[in-house]
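First comes the structure, then the notes that go with it.
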There are 2 protein chains.
Amino acid sequence: MYQLIKKEGRARRGQLVTPHGTIQTPAFMNVATCGAIKGAVSALDLKRLKCQVQLCNTYHLHLRPGDEAVRKLGGLRKFTGWEGPVLTDSGGFQVFSLAKLRNITERGVTFASHIDGHKIFMGPEESMQIQSNLGSTIAMAFDECVKNPAEYDYAKESCERTIRWLFRSKAELDRLNGLPETLNRNQMLFGINQGSTYEDLRTDCMRRIRELDLDGYAIGGLAVGESADVMYHIIETVEPEMPENKPRYLMGVGMPANILEAVKRGVDLFDCVLPTRNARHGHAFTWDGCRNMFNSKYALDELPLDPQCGCPVCLNFSRAYIHHLFKSKEMLAMRLCVMHNIYFFNSMMEKIRDSLDRDNFSGFFEDNIQNISQRI
Amino acid sequence: MYQLIKKEGRARRGQLVTPHGTIQTPAFMNVATCGAIKGAVSALDLKRLKCQVQLCNTYHLHLRPGDEAVRKLGGLRKFTGWEGPVLTDSGGFQVFSLAKLRNITERGVTFASHIDGHKIFMGPEESMQIQSNLGSTIAMAFDECVKNPAEYDYAKESCERTIRWLFRSKAELDRLNGLPETLNRNQMLFGINQGSTYEDLRTDCMRRIRELDLDGYAIGGLAVGESADVMYHIIETVEPEMPENKPRYLMGVGMPANILEAVKRGVDLFDCVLPTRNARHGHAFTWDGCRNMFNSKYALDELPLDPQCGCPVCLNFSRAYIHHLFKSKEMLAMRLCVMHNIYFFNSMMEKIRDSLDRDNFSGFFEDNIQNISQRI
């Protein structure tokens, strides 16, 4: 389903054909945790923001409104009004980061809901059943995302279990895709590479999971507190072991500079709450760097957030107006800044793809890597 | 500037020609208190919601970002991105309802800002200067909105002062409109009828202020706690004294049924925070009545908020999705419900106008007066 169009160094220009549309890569996936982008942005808005893929969270949607409800309502795409591809995570990351009192066994994880504390069990089979009910385009295998730093022995043990969980995830999704009542019988499955910051665990894991010939492979367990250099080193370690004919997804990354550095190292897909979360705190990404819209220097500034930007916000509103909205605690402040940042990330990916098409990714990289993440 | 097109009983079909566009009446004015509709709705959205006039609050904008800043930024229309007519209130209502420690004299009112407590003075001249800086299409005269119930003697004294303030408002706006540096030298002025619930004060006030031949006349000091019957009675008392060739504006009203009843009694213009405020609490207006979207009966309901509605929300999203967004405290819940309610109010006014055009307002009234404000 993934077609590699061309390469420049390790950077890849490709496309991922899915039953719900083709994704041009490298691509950023926009995070709609509970089935909506935080900051009052709807699926209709996403269409105007160059979004290609919506990412939704299995853990949150299982708790509310419940995956059975989403299934009855026709799946996530119909429920949220987003007609393009949707990726659901496995729930693993949230189980390990949000839930309380978790107890992990070979079968899976028992944990208490962060909403009302009620006990829930989730293992690979449950995660696949939930994601099948959600009807996403791409399901993620159930994994454990270990904390950073992690002891070698724990990381190894966890990684082995995550590999066994991957085999069970695949078997269960194959079974579900074979059932006549399944919402999306062509649901794709991505496996997840783990192994903390240990090179041997990472490469061993990758060599074993690529044998499954899955629809794609993710690098998980990064951007969890390690330095950027360590993250880049792990990508460089794992990437040569990843099949060339499958998309590679770096989970939870990141700042614009992190994305440029990872594309350079052969990554195709990204997701992160950063553009939306930072926007809600008044931080607007631009090609000159990141602006804090609470800064009083914008009080009389008639320019748009980014004069180079073609988003619906920059075409219509001034920095002065957005500054005023943040100071006045108007919800519209968040919406405008979130829309701009989503457009910025998606159009940055478009510019990366254009530069690869023109065999000039390295020039694009050099022109932007300094400015793109600085605070101004 | 106001043209009366036809009448049915006392109900009026007309249009108000302004330098910033023509308003078909009866019309509802959408409230953007601080220069933005609460609930993450922008001026661009308003264009798709059948909005004809945006109303902004002088008191709030004077405090933040400051009317001098708005003036430097080209006035409210440029600042907010709304190209149509804008009405600004006088600040009087907020001075008397929001501000602390106010002290009222013949000159005006000294009060403490609700934001940081600093002392501000506002009289008719200051209100006109602020509204001139804001560059609105229609300015409102500075008045005192007395509490309900009010003692007769206080209501009379206040009403007399409000009339004297109206003369000063007019003189000051005439002066400002004559200055070459004024943003909108064609700024219109509406006078405000006061007099609490006392028939003689109301009629006497109206007879005296109509002599000024202003661009329009408002009935103020209603919808402040009196019963609907008292409100309708006061409208019936004042209306025969209002000039037929000027628009009549009932300030701060109201529920759909209140609007129908007031149109029937000869009112042309309305404003209220009710459609937006109620939406933010999950209340959606429909032609069958008002729905509470927190109600679990909507959890699996695939219908739109109102199957008869053509708004961007009803064309794209289900009750189940909106219910889920409210339960999940997603900001998008508020935005979608606010957009629907704004559209509902504006399209209700459109249907009222259509019924008047077809000489069937009384039929429209009878068909809808029961259902339109009930809770379902």
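All but one of (1) open to solvent by 10 Å² or more (accessible area, probe 1.4 Å); (2) out of contact with any strand residue (DSSP E or B) (no Cβ under 6 Å at 6 or more places or on another chain) hold for A:Glu239; state the number of the condition that does not hold.
(1)
Within region A:330-345, identify whether any single residue is in a loop (DSSP other than H, G, I, E, B) and out of contact with any strand residue (DSSP E or B) (no Cβ under 6 Å at 6 or more places or on another chain), and answer yes or no.
Yes - at least one qualifying residue is present in region A:330-345.
For (1) surrounded by fewer than 16 Cβ atoms within 10 Å (Cβ to Cβ); (2) of a type in the set (A, V, I, L, M), each residue gets a yes or a no:
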residue	(1), (2)
A:Arg168	no, no
A:Arg175	yes, no
A:Arg185	yes, no
A:Gly195	no, no
A:Ile209	no, yes
A:Met231	no, yes
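Out of everything in region B:64-82 that is more than 8 Å from every other protein chain (Cβ to nearest Cβ) and touching a strand residue (DSSP E or B) at 6+ places or on another chain (Cβ under 8 Å), what residue ends up being farthest from B:Thr182 (Cα to Cα)?
In this case the residue turns out to be B:Trp82.
How many residues does region B:1-52 hold that are free of Cβ contacts under 8 Å to residues at least 60 places away in the same chain, out of contact with any helix residue (DSSP H, G or I) (no Cβ under 9 Å at 6 or more places or on another chain) and among the aliphatic types (A, V, I, L, M)?
The qualifying residues number 2.
If we only count strands (runs of 3 or more DSSP E) wholly inside region A:1-85, which ones have 2 or more residues that are open to solvent by 20 Å² or more (accessible area, probe 1.4 Å) and among the aliphatic types (A, V, I, L, M)? Don't jump to the end; show me each part of the working.
Working: elements: A:2-8, A:11-18, A:21-25, A:27-31, A:53-56.
Per the criteria, A:2-8.
Is it true that some residue in region B:353-372 is without any contact (Cβ under 8 Å) to a residue 60 or more places away in the chain and closer than 30 Å to A:Cys56 by Cα?
no
Of all residues in region B:348-359, which are open to solvent by 10 Å² or more (accessible area, probe 1.4 Å) and within 21 Å of the chain's Cα centre (by Cα)?
B:Glu350, B:Lys351, B:Arg353, listed by residue number.
What are the pairs, 6+ residues apart or on separate chains, where a residue within region A:233-245 that is farther than 16 Å from A:Asp215 by Cα has its Cβ under 7 Å from a residue that is hydroxyl-bearing (Ser, Thr, Tyr)?
A:Ile234/A:Thr197; A:Thr237/A:Thr203; A:Val238/A:Thr203
Would you check if there is a residue in region B:120-128 being touching a strand residue (DSSP E or B) at 6+ places or on another chain (Cβ under 7 Å) and open to solvent by 10 Å² or more (accessible area, probe 1.4 Å)?
Taking every residue of region B:120-128 in turn, at least one turns out to be touching a strand residue (DSSP E or B) at 6+ places or on another chain (Cβ under 7 Å) and open to solvent by 10 Å² or more (accessible area, probe 1.4 Å).
Hey, could you check region A:331-346 for residues that are open to solvent by 10 Å² or more (accessible area, probe 1.4 Å) and within 23 Å of B:Arg277 (Cβ to Cβ) and say which is nearest to the other protein chains (Cβ to nearest Cβ)? First the steps, then the outcome.
Going through region A:331-346, the residues open to solvent by 10 Å² or more (accessible area, probe 1.4 Å) turn out to be A:331, A:334, A:343.
Of the ones still in play, those that are also within 23 Å of B:Arg277 (Cβ to Cβ) are A:331, A:334.
Working: A:Met331: 4, A:Met334: 7 Å.
In this case the residue turns out to be A:Met331.
Can you tell me which condition A:Thr276 does not meet? The list is (1) among the β-branched types (Val, Ile, Thr); (2) over 28 Å from B:Thr33 (Cβ atoms); (3) within 14 Å of chain B (Cβ to nearest Cβ), and all the others hold.
Tallying (1) among the β-branched types (Val, Ile, Thr); (2) over 28 Å from B:Thr33 (Cβ atoms); (3) within 14 Å of chain B (Cβ to nearest Cβ), A:Thr276 fails exactly one: (2).
Scanning region A:18-47 for residues that are among the polar types (S, T, N, Q) and more than 14 Å from every other protein chain (Cβ to nearest Cβ), which turns out farthest from A:Met339 (Cα to Cα)?
A:Thr18
Quick test of your reading of the structure: A:Ser97 fulfils all but one of (1) open to solvent by 30 Å² or more (accessible area, probe 1.4 Å); (2) at pLDDT 95 or above. Name the failing condition by number.
Failing condition for A:Ser97: (2).
Okay, residues lined up against (1) at pLDDT below 95; (2) more than 19 Å from B:Val41 (Cβ to Cβ); (3) open to solvent by less than 10 Å² (accessible area, probe 1.4 Å):
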site: B:Asn278; (1), (2), (3): no, no, no
site: B:Ala284; (1), (2), (3): no, no, yes
site: B:Gly289; (1), (2), (3): no, yes, yes
site: B:Cys309; (1), (2), (3): no, no, no
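Scanning for something on the phi > 0 side of the Ramachandran plot and charged (D, E, K, R), does region B:254-272 turn up at least one residue?
Checked against the condition, which is being on the phi > 0 side of the Ramachandran plot and charged (D, E, K, R), region B:254-272 yields no hits at all.
Yes or no, residue by residue, for (1) in contact (Cβ under 8 Å) with a residue 12 or more places away in the chain; (2) within 30 Å of B:Leu315 (Cα to Cα); (3) not hydrophobic (A, V, I, L, M, F, W, C):
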position: A:Ala69; (1), (2), (3): no, yes, no
position: A:Thr80; (1), (2), (3): yes, yes, yes
position: A:Arg102; (1), (2), (3): no, no, yes
position: A:Phe111; (1), (2), (3): yes, no, no
position: A:Glu126; (1), (2), (3): yes, no, yes
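Can we say B:Phe365 is open to solvent by less than 60 Å² (accessible area, probe 1.4 Å), touching a Leu at 6+ places or on another chain (Cβ under 8 Å) and farther than 25 Å from B:Lys38 by Cβ?
Spelling it out, B:Phe365 is indeed open to solvent by less than 60 Å² (accessible area, probe 1.4 Å), touching a Leu at 6+ places or on another chain (Cβ under 8 Å) and farther than 25 Å from B:Lys38 by Cβ.
Restricting to region A:279-321, give me the number of residues that are small (Gly, Ala, Ser) and away from every other protein chain (no Cβ under 13 Å). I'd like the intermediate steps shown before the answer.
Taking region A:279-321 and keeping what is small (Gly, Ala, Ser), we get A:279, A:282, A:284, A:289, A:296, A:299, A:310, A:318, A:320.
Now narrow it down to the ones that are away from every other protein chain (no Cβ under 13 Å): A:282, A:284, A:289, A:310.
Number satisfying all stated conditions: 4.
Looking at A:Asp89, A:Asp153 in this structure, which one is away from every other protein chain (no Cβ under 14 Å), free of Cβ contacts under 8 Å to residues at least 24 places away in the same chain, among the acidic types (Asp, Glu) and open to solvent by 10 Å² or more (accessible area, probe 1.4 Å)?
Numbers: A:Asp89 fails: free of Cβ contacts under 8 Å to residues at least 24 places away in the same chain.
Going through A:Asp89, A:Asp153 in turn, just one is away from every other protein chain (no Cβ under 14 Å), free of Cβ contacts under 8 Å to residues at least 24 places away in the same chain, among the acidic types (Asp, Glu) and open to solvent by 10 Å² or more (accessible area, probe 1.4 Å): A:Asp153.
What single numbered condition from (1) aliphatic (A, V, I, L, M); (2) touching a residue at least 60 places away in the same chain (Cβ under 8 Å); (3) open to solvent by 10 Å² or more (accessible area, probe 1.4 Å) fails to hold for B:Ala218?
(3)
The values are calculated or read from the model by the stated rules, or taken from the named source; none is laboratory data. Bear in mind the structure is a predicted one, so any value in this text is a computation, not a measurement. In this analysis, Cβ positions are derived from the backbone assuming ideal geometry, glycine residues included, and neighbour counts consider all displayed protein chains. Accessible surface areas use protein heavy atoms only, side chains included; no ligands, DNA or RNA. Shrake-Rupley method; radii C 1.70, N 1.55, O 1.52, S 1.80 Å.
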